[in-house]
Structures are given as structure tokens and as C-alpha cells.
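Quick notes on the structure that follows.
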Amino acid sequence: MTNNDIRVRIAPSPTGNLHVGTARTALFNYLFAKNMGGKFILRIEDTDIERSKEEYTQNIYDSLKAMGLQWDEGPDVGGKYGPYKQSDRLDLYNEFAQKLVASGHAYEGWCTQEELEAEKEIAQVEKNPYVYSKKCLTATPEQIETYKKEDRKPILRFKVPDKKVQFNDLVKGNLEFDTSLIGDFAIMKSNGTPTYNFAVVVDDIQMKMSHIIRGEDHISNTARQILIYEAFGAKIPEFAHVGMILAPDRSKLSKRHGATAVSEFIQQGYLPEAFVNFITLLGWSPADGEEIKPLDDIIKAFSIDRISSSPAVFEFDKLNWMNGQYIRHMDVKELTQRVKPYLTKYDLSQYSEEQLNYLVEIVREPLTVLGDITDSVSYFFGENVNIDDEIKSTVIDTPETQQVLPKFIELCETLDFSNVEKIHEQLDEFRQAMKPLKPKQTMWAIRAALTGLTRGADIGSVIYLLGKERVISRVQKAIK
Ligand code: GLU
């Protein structure tokens with residue numbers, strides 16, 4: 001197989017925002033394609049007309065792009081094997097379905113919902129797994145006439161041969177299915193649209209997919225899909241089914257555990273590069289054990305044989321930790337640009353770009369998500385600062401502190417506000433001079449007067465950024 005023949009796809013249904021599970025599948029396909037020098041294709045599976053929405057398609061595009069997963073072919077960028085949206089391919093599915101009818105692999109199903117329900121009920125009573133009775137396979141021309149007169153619209157069913165379907169899954173190993181448990185399933189609905197299993201195979205054949213990498217919830221579909229490939233005499237791609245993603249409580253990851261859409265995570269201020277790094281590790285591990293890796297390095301390190309077949313647990317704590325790591329190590333100018341959307345409620349124009357970078361540098365350490373910055377920088381803006389009663393009574397309003405604060409104002413007259421180094425030196429001298437008073441009565445108190453907090457960013461840097469006027473005025477307000 002040459003690199004050009006390696007073709008993989010992500011095929012999301014636009015019935016919701018891009019889910020982390022689909023994002024991980026997209027990522028694994030992307031990594032495999034890039035590692036092998038192959039192509040990564042985006043196909044939008046929007047045959048469920050009622051539930052598919054344009055806004056979700058847009059969310060899928062935006063989320064994949066935010067993650068840095070650019071596709072080589074897709075609805076918006078085109079490609080040799082398009083169209084890449086299933087709703088634009090309906091004629092094709094009909095054409096292919098008719099081929100199966102002509103070759104005796106498919107037949108019309110005329111049963112009503114009630115008739116099918118009745119069959120299911122009998123199976124239930126007899127405690128048998130439900131398998132369609134194949135009743136319509138032997139419908140006579142007269143019966144069909146009657147159905148038509150009753151205005152029934154047929155579906156198309158695939159005639160499942162009696163055999164064992166076997167395939168070697170690249171993650172799960174050898175898998176085998178007995179078709180006696182697979183009823184003659186629908187391939188076309190009565191409204192002329194294809195079912196998932198049929199459309200996916202027609203598309204994967206037409207788009208020349210070489211590997212299908214997806215969640216293990218699709219394993220039972222794979223048996224049906226292989227039967228369709230065989231009926232067309234088409235080449236069967238390689239399959240790789242990845243273990244599911246579970247929540248920390250080992251149940252299915254859902255909204256009740258927190259965010260599940262990629263866009264929600266990004267909105268909350270997870271850095272896309274940290275998020276991508278984190279989800280790569282849900283079911284895959286690098287051979288060198290180094291978990292923090294930029295996407296380019298992950299591409300180099302990626303291989304299907306290191307994908308795990310067991311479920312992966314989505315540890316929110318680990319994501320938080322990893323995001324913090326990325327925040328701390330990112331180029332500060334870049335980080336400043338990224339946090340700006342979280343600072344819109346402040347008037348940033350009072351600081352130069354250089355000062356803003358400096359501000360971000362001194363507050364980034366404890367941030368978990370970018371959104372944390374909004375509250376943590378409030379004291380850098382406006383004239384006043386909020387000080388809660390507890391801090392006021394225990395730190396600011398003590399007799400010792402009340403003596404220190406006026407002395408600090410005196411110091412401000414000689415403090416070089418334009419030079420952080422000098423501020424540090426002078427603060428040091430001040431602290432020494434105030435001995436034997438304790439730090440709580442000196443530096444903590446000054447910090448509380450300036451920021452409303454008793455801990456946080458380096459106080460010399462805070463003083464530098466606030467500037468003489470605001471420092472003096474805030475300390476003055478703290479004096480009773
Ligand atoms: N539209 C399907 C899904 O979102 C695609 C599954 C597949 O990869 O075949 O689950």
C-alpha cells in the first residue's frame with residue numbers, strides 16, 4: 001500500500017456539537033493519516049433530516065479547526081470523491097441500492113410498523129432474540145399489489161446470507177459474528193433515504209477508504225457493513241475499533257459529568273493544544289512515556305498498535321493539570337492574546353502591550369483554565385478594590401498595620417515606580433526596617449490594601465503595574 005492509498009475519514013452526524021468521543025476518533029484518524037503520509041477526509045453524515053442542523057455542521061468545522069485537524073477533502077474544501085455531505089449523495093445511494101436489488105442481495109420490505117412490532121412481541125414472549133422473519137422475501141405479486149393499493153411505501157432490506165463474518169480488527173484482534181442473529185436489515189428507508197449502515201459503506205467504497213478507525217460501539221455494525229462490501233464485491237478496508245471513553249465514575253461520559261462538546265471546553269478556556277494532547281492519551285500512549293507532546297510530535301509517535309482496546313477514563317483533574325502546564329509554558333505574548341477574550345469587561349487601554357504581557361506573566365501561575373484570569377486580575381483595574389470584612393478586621397485594621405500603612409505611603413514618595421527591580425530592593429529595605437513586626441502586619445497588609453487579597457502575584461510587580469497614584473490612594477483608603 002503506498003502512502004497515497006492511505007485514506008481515512010471522520011464521519012460525524014451534525015445532530016449536536018462535536019462531542020469529545022467523536023473528536024478523539026477524528027484525532028486518531030488524523031494522526032494515522034499524517035503519520036503515514038495519507039489523506040484525512042471529513043464527511044458529514046446528515047441523512048437524519050430531522051435532527052441534522054446547519055449550526056452543528058458549522059460547530060463541527062470550527063471545533064476540528066480549533067483542534068488543528070485540517071482535513072484534506074470535505075464538503076467545504078471539495079476533493080476527487082465528493083460530494084462529501086450525505087444529503088448531496090441521495091441519488092447515489094438509490095443507484096447502489098438498485099444494484100443490490102438487481103443482483104438479488106436486497107428486496108423490498110412492505111411490513112407495517114404494527115406487523116413488525118407483533119413479530120418482536122412474539123420473540124419476546126418466546127424469549128428469543130428478535131430476527132426479522134424475511135416475510136417479504138416471499139411476497140407474491142398479488143400481495144405486493146395489495147400493499148401498493150393500501151398506499152404502503154416499501155423499504156429495502158439486505159438479504160443477509162447465512163455465514164460467519166470474520167475480520168481481524170487492528171485493535172481488538174480477530175472478531176467473528178454469526179449472521180443468524182442479524183436479521184435482514186434495512187438499507188433504504190421508505191422515504192428514499194439510506195440507513196446509516198448502507199450509506200456509510202457506499203461512501204467508504206466510493207471515497208476509497210483504506211482504514212476505518214472508530215469507537216467500539218460500531219463493532220456490531222461492522223459485521224453488517226462487511227456483508228454489504230461483499231455483496232458489491234468491493235475491497236474491505238481495515239478496521240480499528242477503539243475502546244470507549246468513560247467518565248471518572250466509569251459510566252458513559254455525559255452532560256451530567258460536565259462539558260462534553262469540544263466547543264464548550266474551548267469556551268471555558270481550555271487551550272486547544274492542551275485539550276488535543278489530553279484526548280490523544282484517551283486510549284493511546286506514546287512509546288517513550290512522555291505525555292506532554294505537541295501535535296507534531298504526537299504525529300511522529302503515533303501508531304495504531306499502541307491504541308488500547310480497553311475503555312479510557314476521562315479524568316477532568318488530569319485535563320486541568322495539563323491545561324495548567326500549557327498555560328505556564330506558553331509564550332507569554334501568545335498567552336496574552338489568548339486571554340484577551342476573557343478580559344473584555346476591563347479597560348485594557350490603560351496598559352501598554354508590554355505591560356499587559358507582564359501582567360499575564362505574573363498572574364498565569366495558578367490558572368487552570370483561561371477563564372480563571374477574569375476574576376484573578378480584577379484588582380489591576382479601576383480605582384477601588386474590594387476587601388472582605390474578615391481580611392479587613394484581621395489584617396488591615398490591626399493597630400500595628402495601621403502604623404505601617406502611613407509609613408508605606410511615605411516610602412511611595414521615594415519609590416521608583418518605573419523599575420520593578422528597584423521596587424523589589426526598596427520593599428526589602430522597608431520590610432527590614434519594619435522589624436520586629438511580622439510579615440502579616442507589614443507586607444500582607446500592604447498587599448491586602450492594594451489587592452483585597454492576602455496572597456497572589458508578586459507584590460513588587462503589582463505595585464509597578466498599579467502605579468504611584470493608585471497605590472497611594474488605595475493604601476490611604478485602608479487607613480482608618
Ligand atoms: N456517523 C457515524 C457516527 O457519527 C459514523 C460512524 C462511522 O465512523 O462509521 O457515529
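Structure values in brief
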quantity: 11 Å cut-off, amide nitrogen to a point 7 angstrom out along Lys392 Cα→Cβ, residues in segment 404-446; calculated: none
quantity: Cross-link reach list, aspartates and glutamates versus Lys333, counting only Cα pairs under 14 Å and skipping chain neighbours closer than eight places; calculated: Glu353, Glu354, Glu361
quantity: Under 18 Å from the Cα of Lys163 - aspartates and glutamates, other chains or at least 8 residues apart; calculated: Glu176, Asp178, Asp184, Glu230
quantity: Cross-link partners of Lys407 among aspartates and glutamates (Cα-Cα below 20 Å; sequence separation of 8 or more within a chain); calculated: Asp397, Asp416, Glu425, Asp428, Glu429, Glu469
quantity: Listed peptides 20-28, 309-317, 127-135, 241-249 by packing density, highest first (mean Cβ within 10 Å); calculated: 20-28, 241-249, 309-317, 127-135
quantity: Solvent-accessible heavy-atom area per residue, rounded to whole Å², over the chain at 1.4 Å; calculated: 48
quantity: Dimensionless Rg/Rh of segment 279-335 - Kirkwood Rh, Rg from C-alpha atoms; calculated: 1.01
quantity: Order by protection proxy (mean Cβ within 10 Å, highest first), peptides 454-460, 398-404; calculated: 454-460, 398-404
quantity: Label zone at Asn35 (point 7 Å along Cα-to-Cβ), backbone N below 13 Å, segment 276-308; calculated: 280-289, 296-308
quantity: Out-of-range pairs (alpha-carbon distance over 25 Å; input Lys345/Lys438; Lys99/Lys148; Lys120/Lys159; Lys164/Lys252; Lys120/Lys235); calculated: Lys345/Lys438; Lys164/Lys252; Lys120/Lys235
quantity: Check: segment 92-142 dipole with +1 on Lys, Arg Cβ and -1 on Asp, Glu Cβ, in debye; calculated: 280
quantity: Extension reserve of the Gln58-Asn191 stretch, reckoned as 0.36 nm per residue once the Cα distance is removed; calculated: 45.3 nm
quantity: Over 27 Å (Cα to Cα) - which of Lys34/Lys65; Lys39/Lys255; Lys85/Lys149 fall in this group; calculated: Lys39/Lys255; Lys85/Lys149
quantity: Positive dipole terminus of segment 189-326, leading residue within Ser220, Gly289, Gly258 (C-beta point charges); calculated: Ser220
quantity: Burial ranking of peptide ranges 185-191, 36-42 (average Cβ count within 10 Å, highest at the top); calculated: 36-42, 185-191
quantity: Charge dipole (debye, nearest 20) of the chain; +1 at Cβ of Lys and Arg, -1 at Cβ of Asp and Glu; calculated: 300
quantity: Accessible surface of the chain [probe 1.4 Å, protein heavy atoms]: carbon and sulfur percent; calculated: 49
quantity: Dipole moment magnitude, nearest 20 debye, segment 242-389 about Cα centre, only Lys, Arg, Asp, Glu C-beta charged; calculated: 720
quantity: Listed residue (Ser308, Phe417, Ile122) projecting farthest to the positive dipole end of the chain, Cβ model; calculated: Ile122
quantity: Convex hull of Cα atoms in the chain, direction-averaged projection (nm²); calculated: 31.0
quantity: Gyration tensor verdict on segment 1-48 (Cα atoms; rounded if a/c is under 1.5, prolate if a/b is larger than b/c, oblate otherwise); calculated: oblate
quantity: Residue (of Ser376, Leu31, Met330) at the positive-pole extreme of the chain, dipole from beta-carbon charges; calculated: Leu31
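The values are calculated or read from the model by the stated rules, or taken from the named source; none is laboratory data. Fair warning: this is a prediction, and the values are worked out from it, not measured in the lab. For neighbour counting, all protein chains shown are included, and Cβ atoms are generated from backbone atoms with ideal geometry for every residue, glycine included. Protein only, heavy atoms only, side chains kept; ligands, DNA and RNA dropped before computing areas. Shrake-Rupley method; radii C 1.70, N 1.55, O 1.52, S 1.80 Å.
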